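The values are calculated or read from the model by the stated rules, or taken from the named source; none is laboratory data. Source: prediction; values computed, not measured. Here the Cβ positions follow ideal geometry from the backbone for every residue, glycine too, while neighbour counts run over all protein chains shown.
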Amino acid sequence: MWCDVHPGDAILVSPMLHFAEVVLGDSVLAARYGEGGAYVSWDQYLEPGKLEAWKKLDADKSTLSLPYNKQMDMGLIALRLYRLTGEEKFRERAWRIFCQFKSRLQYFDNHYVWNYWEPQGLWDLDEAGQVRHWVNVHPHRNYQAREVAFIAEAYHTGIVFDQMDLERILRTNLEVMWNGNAAEP
C-alpha cells in the first residue's frame, strides 16, 4: 500500500544524524571525529514546476501518498542535514514538507486537529474519484505524539511553526485529548 522506502531510510538515518549533531556540537569531539562526517549523497527531489523526471503511473498501480508522520520523518532528516551542513537546500526541503503539513492543520475552538492521511493528488483517488484510504484523525495517540515531536523540532530549528502553533497544539492535548485524570490518562 505505502511506498515506505524513503521514510524507512529516514527512520534509520535520523539517529545517526542526531549523533553527528552531538559530535559536531562538542568542540573536543568535533576536533577528534568531525572529519568522519563526510558523506556521499545521491537523491532525486522533484521541485514543483520542474517535473521533467516525473513518471506517470496508472492510479491502480501506484502507491498512495505517504501519511503525514512518514512525510515528516523525511522532513526531520532534511532539518538535521541543514543543521549539520548549513546547506540551504536541506532547509528548503524541510520547509516545504512542514508547510504542507501545516496547511492541513484544522483550527477549531482555539486548538488544532489534523488527519493521519489526506489525498495529495489524483493518484490517491480511484477511477470513481473516491479516496483510496481512510481520512480521519488517527485513533492511536502515539501517531500524534510523534507528529508533535516533529513539529517541535521544526519550531526549534526556526521554520514554519511559531509560538501560537505550539500553544494551539498544547491546548489540543490538554483540553481535547486528555481526560483530566492523572492516574488514568
Among the residues of region 87-99, is any assigned to a loop (DSSP other than H, G, I, E, B) and at pLDDT 95 or above? yes
Is it the case that region 150-162 has a residue that's in a loop (DSSP other than H, G, I, E, B), aliphatic (A, V, I, L, M) and surrounded by 12 or more Cβ atoms within 10 Å (Cβ to Cβ)? yes
Provide a single number: the residues in region 163-185 that are surrounded by fewer than 13 Cβ atoms within 10 Å (Cβ to Cβ) and either within 18 Å of the chain's Cα centre (by Cα) or assigned to a loop (DSSP other than H, G, I, E, B) (or both). 8
If I filter region 126-154 down to residues being among the β-branched types (Val, Ile, Thr) and in contact with a helix residue (DSSP H, G or I) (Cβ under 7 Å, 6 or more places away or on another chain), which single residue comes out as nearest to LEU170 (Cα to Cα)? VAL148
Which condition number in (1) out of contact with any Phe, Trp or Tyr (no Cβ under 7 Å at 6 or more places or on another chain); (2) under 24 Å from LEU17 (Cβ atoms) is the one that ALA154 fails? (1)
Can you confirm whether TYR116 is part of a loop (DSSP other than H, G, I, E, B), of a type outside the set (A, V, I, L, M, F, W, C) and closer than 18 Å to LEU76 by Cα? yes
One residue is enough: does region 132-147 have a residue meeting the conditions farther than 27 Å from ALA20 by Cα, exposed (fewer than 11 other Cβ atoms within 10 Å of the Cβ) and modelled with pLDDT under 90? yes
